[in-house]
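Since the structure comes first, as structure tokens, the remarks are kept for the end.
Every number in this text was worked out from the coordinates using simple rules, so none of it is lab data. Predicted model, so just to flag it, every value in this text is computed and none were measured. Cβ sites come from the backbone with ideal geometry, for glycine too, and all protein chains shown count toward neighbours.
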Amino acid sequence: VPHFANSIASSGVAVSRSDIQPGDVVCYDYGDGYCGHVGIYVGGGQVIHASNSREDVRYANMDMMSIMTIRRFIQ
């Protein structure tokens, strides 16, 4: 998996929201088609993500920001 969020958004296989599964990566749109943040889907409409490098990893609603794409890396 690439290191940068914007690279992750074009890697793996695209998944529709209706087919999302735990482990899929949710890529968030920071505007102009740029993915600036990602979370890992854990089920129940929730993702786990690091909001910044100084805080702990936390759970959040997957709709916390505008979703650009959902990607799957393990088939």
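Tally the residues that are part of a loop (DSSP other than H, G, I, E, B) and crowded, with 18+ Cβ neighbours inside 10 Å, restricting the search to the range 2-12.
Number satisfying all stated conditions: 2.
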Given the conditions (1) touching a helix residue (DSSP H, G or I) at 6+ places or on another chain (Cβ under 7 Å); (2) within 10 Å of THR69 (Cβ to Cβ), and given that GLY12 satisfies all but one, which numbered condition is not satisfied? (1)
Could you give every pair whose Cβ atoms fall below 9 Å, whose first residue belongs to the range 56-75 and is within 21 Å of SER11 (Cα to Cα), and whose second residue is of a type in the set (Lys, Arg), counting only separations of at least 6 or pairs across chains? MET62/ARG17; ILE67/ARG17; ILE70/ARG17
